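Visitor: Next up is a structure, given as structure tokens.
The numbers here are math on the coordinates, done by the rules we state, and not lab data. None of these values were measured; they are calculated from a predicted model. A quick note on method: Cβ atoms are made from the backbone with ideal geometry, for glycine too, and the neighbour counts reach across all protein chains shown.
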């Protein structure tokens, strides 16, 4: 005997809610096999913000965000603790703005850019 689809709707909705809740609890930072660090960016005005744990500032950084290609920040370009850098994915690493003291709150970021907090 088959259960009608309508009878499964509450169970399906509960399963979907559980998957979404578990995805939200996924770690924001991870270490890849090549030694690079993956950090999930959060929305910050027109741009995105990512924080790097102090133990990982000397590594290559991979910034991820929903529905977008990951952004790689090479070793040596990740800001040291206490400083920040606005990173533009459309610019070469050597053309990025220098490290700066971190702003308080959420600064006005160029659309699509990333504020990386060291």
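Visitor: With the crude spin-label approximation of a point 7 Å out along Cα→Cβ, what separation in nm comes out for residue 94 versus residue 69?
Guide: Going from the residue 94 label point to the residue 69 one covers 2.1 nm.
Visitor: As a test of understanding, state the convex hull volume per residue of segment 28-117 from its alpha carbons, in Å³.
Guide: On the way: hull volume 8.5 nm³, N = 90.
About 94 Å³ per residue, rounded to a whole number.
Visitor: Of all DSSP beta bridges in segment 28-117, what percent run antiparallel (nearest 5)?
Guide: On the way: 15 of 23 bridges.
Expressed as a percentage, antiparallel bridges in segment 28-117 total about 65.
Visitor: Now a separate question. Could you order the peptides 112-118, 70-76, 30-36, 44-50 from most to least packed, using the average number of other C-beta atoms within 10 Å per residue?
Guide: Ranked from most to least packed, the peptides come out as 112-118, 44-50, 70-76, 30-36.
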